[in-house]
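Working notes, structure below.
The values are calculated or read from the model by the stated rules, or taken from the named source; none is laboratory data. What you see is a predicted model; the values in this text were computed from it and never measured. Every residue, glycine as well, gets a Cβ built from its backbone with ideal geometry; the counts of neighbours run over all protein chains shown.
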Amino acid sequence: MYFYSTRDTGRVVRLSASQAILKGLAADGGLFVPSSLPALARGLDSDMPYGQFAASVLEPFFKDDELEDSLEEICSSAFSFPIVIKDLSHASVLELFHGPTSAFKDFGARFLAYSMERLLVRSGKKLCILVATSGDTGGAVASAFYKRKNLSVKVLFPKGRVAERQRKQLTCWDDNVESFEVDGSFDDCQRMVKSAFVDHEYSSSLSSANSINLGRLLPQMVYYVYASMRYVKEKGKKPVIIVPSGNVGNSTGAYWAMEMGAPIERIVLAVNANRTIPDYLESGQYRPRASVKTLANAMDVGAPSNMERLFNLYPDIETIRAHLSSWSVSDDEIVSTIRRVWDEDGYVMCPHTACGEYVRKTQLDGLDNVLLVSTAHPAKFDTIVEPIIGQKVPVPAALAELLGKESHCREISADYHELF
Ligand SMILES: *Cc1c(COP(=O)(O)O)cnc(C)c1O
């Protein structure tokens with residue numbers, strides 16, 4: 001097992017998982033992908049403790065790696081919160097938001113933080129993590145890396161484009177975590193991070209924690225293996241999984257899980273008004289573009305970075321079309337969906353999850369094996385959700401603790417030099 005860059009077609013440069021995790025982005029600007037997607041271990045069982053389950057799924061990727069012996073310990077510490085499947089009247093919901101910052105990104109961020117800390121303490125090196133966020137990434141990364149040894153974090157977020165509670169989670173830190181409010185869009189923030197990475201003055205001490213980092217992707221694969229196995233155990237059939245998507249890191253995890261043999265019938269991507277992927281599937285022309293602002297702001301991505309990994313997995317448009325379907329959901333449809341689900345089931349969805357539910361209702365209605373991924377707790381988006389349902393959404397305890405802390409950040413222009 002080795003990892004190579006999506007742009008290195010001859011697979012000339014081969015890295016171990018640990019090397020790829022520390023490096024973040026490949027030197028040629030590509031994203032690291034595994035040399036193969038190994039079949040799942042035969043004894044794998046969703047009744048195993050999750051840390052052990054995760055280590056078993058990840059083991060082949062860490063064969064002979066520096067972290068091989070620590071894998072189970074890393075997984076048990078990182079995944080210290082439950083994964084919940086709830087049944088609604090028309091679908092089951094996979095709640096991935098029970099971690100410390102109430103979004104699925106806690107899985108990837110925490111696995112990455114524990115892995116990096118272990119590697120750096122061993123080597124005596126230090127790294128600064130640069131992370132651009134359209135909402136949830138920064139909070140999850142800040143929380144996961146806070147006070148971790150040999151690591152510091154700079155979080156960049158676009159001014160005026162994150163919800164108040166998201167902003168709070170990005171700015172409530174001190175010690176080794178700094179946050180920057182950028183006068184620009186999320187794509188500007190991403191561009192700044194990319195520029196810093198290729199600037200030799202800074203690049204050697206930098207790493208990424210964005211969903212381009214392999215250490216984020218691998219754990220996102222694990223919960224799809226787990227959830228689909230549990231689903232099959234309980235319902236006796238494979239699920240069609242709907243993934244609310246932006247940078248397609250979460251869904252790439254789902255595709256890797258399926259390719260390893262996880263019992264998944266099909267994967268469907270729900271996007272907001274940022275229609276790059278549905279347009280591509282329709283026209284066959286891939287046209288990344290500037291993002292537009294929506295109510296599901298953690299999915300406001302016009303140039304989804306992990307598409308490069310999906311193109312690597314499914315190299316031509318026909319193969320892509322055979323595996324991907326995707327629909328775009330407008331803000332009005334998000335609002336009406338949150339209201340409908342509340343009326344029908346008394347269940348509150350975040351705006352991202354509502355995109356998935358809208359796609360289910362309009363494209364997959366009548367299917368009795370839909371597993372809808374819920375990417376965040378609705379309490380993170382109280383200003384959107386509460387007026388729609390006419391009620392307060394109770395705040396999970398971990399989130400309440402972060403919201404109670406004091407905020408501070410630096411305002412900067414969209415120039416990466418201001419970060420240093
Ligand atoms: C990040 C995020 C998404 C999008 O996930 P990608 O991996 O970027 O596709 C969806 N919903 C929420 C709540 C998120 O935080």
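Name the helices (runs of 4 or more DSSP H) wholly inside the range 215-327 in which the number of residues that are within 15 Å of the ligand (Cβ to nearest atom) is 2 or more.
Values: elements: 249-259, 276-283, 307-313, 317-323.
Fully inside the range 215-327 and qualifying: 249-259, 276-283, 307-313.
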Exercise for the section: Report, ordered by the first and then the second residue, all pairs with beta carbons closer than 8 Å, sequence separation of six or more or different chains, a first member in the range 58-87 that is in contact (Cβ under 8 Å) with a residue 12 or more places away in the chain and within 21 Å of M229 (Cα to Cα), and a second member that is acidic (D, E) and assigned to a helix (DSSP H, G or I). Expected result: E59/E68; F81/D106; I85/E234
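Just checking, which of L37, L130, L96, L31 is within 16 Å of the ligand (Cβ to nearest atom), out of contact with any His (no Cβ under 8 Å at 6 or more places or on another chain), hydrophobic (A, V, I, L, M, F, W, C) and under 30 Å from T9 (Cα atoms)? Explain how you work it out, then say what you get.
Details: L37 fails: within 16 Å of the ligand (Cβ to nearest atom); L130 fails: within 16 Å of the ligand (Cβ to nearest atom); L96 fails: under 30 Å from T9 (Cα atoms).
Only one candidate qualifies: L31.
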Exercise for the section: Return yes or no: is S211 closer than 23 Å to C75 by Cα, crowded, with 19+ Cβ neighbours inside 10 Å, more than 13 Å from the chain's Cα centre (by Cα) and not β-branched (V, I, T)? Expected result: no
Problem - Residues (modelled with pLDDT of 95 or more and not in a loop (DSSP other than H, G, I, E, B)) located in the range 21-50 - result: F32, V33, P34, Y50
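Okay, residues lined up against (1) over 27 Å from S283 (Cα atoms); (2) not aliphatic (A, V, I, L, M):
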| residue | (1), (2) |
| --- | --- |
| E308 | no, yes |
| P315 | no, yes |
| H323 | no, yes |
| Q363 | no, yes |
| G366 | yes, yes |
| I384 | yes, no |
| E411 | yes, yes |
| A414 | yes, no |
Exercise for the section: Taking the options S46, S89, name whichever one is more than 16 Å from the ligand (Cβ to nearest atom), of a type in the set (S, T, N, Q) and surrounded by fewer than 16 Cβ atoms within 10 Å (Cβ to Cβ). Expected result: S89
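Take the residues of the range 194-207 that are touching a Phe, Trp or Tyr at 6+ places or on another chain (Cβ under 7 Å) and of a type in the set (G, A, S): which is surrounded by the most Cβ atoms within 10 Å (Cβ to Cβ)? Don't jump to the end; show me each part of the working.
The initial filter retains those residues of the range 194-207 that are touching a Phe, Trp or Tyr at 6+ places or on another chain (Cβ under 7 Å), namely 195-196, 202-203, 206.
If we keep only those that are of a type in the set (G, A, S) as well, we get 195-196, 203.
On the way: S195: 14, A196: 21, S203: 13.
Only one residue tops the list, namely A196.
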Fill in the blank from the handout: Restricted to the range 353-368 and to residues being of a type in the set (A, V, I, L, M, F, W, C) and either more than 16 Å from the ligand (Cβ to nearest atom) or assigned to a loop (DSSP other than H, G, I, E, B) (or both), the residue nearest to S325 (Cα to Cα) is L364
Completion exercise
Across the range 22-57, the tally of residues that are in contact (Cβ under 8 Å) with a residue 40 or more places away in the chain, aliphatic (A, V, I, L, M) and under 12 Å from Y226 (Cα atoms) stands at 4
Handout entry: Residues that are within 16 Å of the ligand (Cβ to nearest atom), in a helix (DSSP H, G or I) and touching a residue at least 40 places away in the same chain (Cβ under 8 Å), drawn from the range 328-340
Key = D331, I334, I338
